[in-house]
Amino acid sequence: RLAATTEEEESSFFSRTFVALWKKMILGVGNPLLDMSAKVKSEMLEKYGVKSGDVILAEEKHMGIYDDLKATHEVEYIAGGATQNSIRVAAWMLKGKKGAAAFAGCVGADDEGKKLAEKAREAGVTVAYLIDEATPTGVCAAMIDDTNERTLITKLEAANNYKKSHLESDEVKALLEASTVVYSAGFFLTSGGPDCTKLLGEHCALEGKRYCLNLSAPFIPSFFLDQFDATMPYVDLLFGNETEAAALGEKKGWGTDVKTVALKAAAMPKASGTFERVVVFTQGASETLVARAGVVTAFPVAPVDKAAIVDTNGAGDAFVGGFLSRLVLGEPVDDCVGAGHFAAATIIKRSGCTMPDTCDYE
């Protein structure tokens, strides 16, 4: 069943009013998670056998880390998951336009799921959650070490149980019809998978909309390449960072040069010719690379004072959110990259993927 977007009596909100509010909407479909963000020492990472900067799915040896964090650290709870983070940032960049951003995913019938919906709505995002009555809401241990690097250990739980049938529900169909940009992080390839991404991609190809995907982590191309390859024909815009690009290049036999991988990915077969594929690879503080029409363009990143950096957790998600906020307005790629850089620079000066109350981006 669906989580109500406001109160239960307004459960038909989408069909009655939502679609009429704004015709330039970004719809995210992905894995909603309750982020447990905490500052940790390197000993915490060593205890659970992870390296600084790892982005992994929890294995049996990691299961104790969530209770451990709650018992031994000051934990901040944030409505997270990579896709939902980007949609929250996009809503912030669009300065509260009603109907500008929406998100669909699967949560449990528990307090954590309710908290996720509450936090997303506070950020200006309309949520249409599939509720799994038997499985708890997914969580992510987001640990920031002394170098301000983030390490993410995710326990998907209900987020892993998303169903194609939810995309076919009246409420989500209304959101999909209202959207002009649809986005999923690569993590969604491990849950909803190609059945869902194909439905989303085919809709976008048929209706002249943009479907966007993120590599999200090196393990996605390394271990879910079939799912990635099945989705790529529908992808108009592919995001990633240099490490993820290298993993993709290695798996595809393209080598690990980031520019080469960007061009190769941009040239993969496409289901629709409405838009040329654009590939955007960020490289932290180094220049962002954009491949399109056989050419790679480098966009410098304005330096950020190291003393001002609080937490790099969510910088990539924020970049995507900023980028999409201008893409949905029809602005050129150069301006989209600039908005992405602004959003990422803002987020790394704060704890977790959080934003100031107001956005001053012009």
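A few notes on this one:
- Anchor residue 349: lysines whose Cα lies under 20 Å away (excluding residues fewer than 8 positions away in-chain): 39, 41, 95, 306
- Estimated dipole of the chain in Debye, rounded to 20 [Cβ of Lys and Arg +1, of Asp and Glu -1, Cα centre]: 880 debye
- Excluding same-chain neighbours fewer than eight residues apart, the aspartates and glutamates reachable from residue 70 by a Cα-Cα span under 15 Å are 35, 112.
- Accessible area per residue, Å², segment 208-362 with all protein chains present, probe 1.4 Å: 41 Å²
- The chain: DSSP helices with Cα axial extent of at least 20 Å and average Kyte-Doolittle hydropathy no lower than -1.0: 193-207, 333-347
- Extreme residue, positive dipole direction of the chain, given options 50, 278, 160 (C-beta unit charges): 278
- Nearest-0.05 FRET efficiency for residue 74 and residue 268, computed from C-beta distance (R0 45 Å): 0.50
- Given the alternatives (1) 16.5; (2) 24.0; (3) 43.2, mean projected area of the Cα convex hull in nm² as computed for this entry is given by (1).
- Average Cα contact separation per residue, the chain, under 8 Å, 6 or more apart, as relative contact order %: 18 percent
- Lys/Arg +1, Asp/Glu -1 at C-beta; segment 323-362 dipole; positive extreme among 348, 330, 361: 348
- Beta-bridge orientation, the chain: approximately 35 percent antiparallel, per DSSP, counting only bridges with both partners inside.
- Atom-type composition of the exposed protein surface of the chain places 50 percent of the accessible area on carbon and sulfur (1.4 angstrom probe).
- Efficiency of FRET between residue 299 and residue 148 - r from beta-carbon atoms, R0 25 angstrom, step 0.05: 0.60
- Cα gyration tensor, segment 193-258 - rounded (a/c under 1.5), prolate or oblate: prolate
- Three-way shape label, segment 92-162, alpha-carbon gyration tensor, a/c 1.5: oblate
- Relative contact order %, segment 144-303, counting alpha carbon pairs below 8 Å whose residues are six or more apart: 16 percent
The values are calculated or read from the model by the stated rules, or taken from the named source; none is laboratory data. Because the structure is a prediction, the values reported are computed rather than measured. With ideal geometry, Cβ positions are generated from the backbone for all residues, glycine too; neighbour counts draw on all protein chains shown. Note: areas computed on protein heavy atoms with side chains; ligands, DNA, RNA excluded. Shrake-Rupley method; radii C 1.70, N 1.55, O 1.52, S 1.80 Å.
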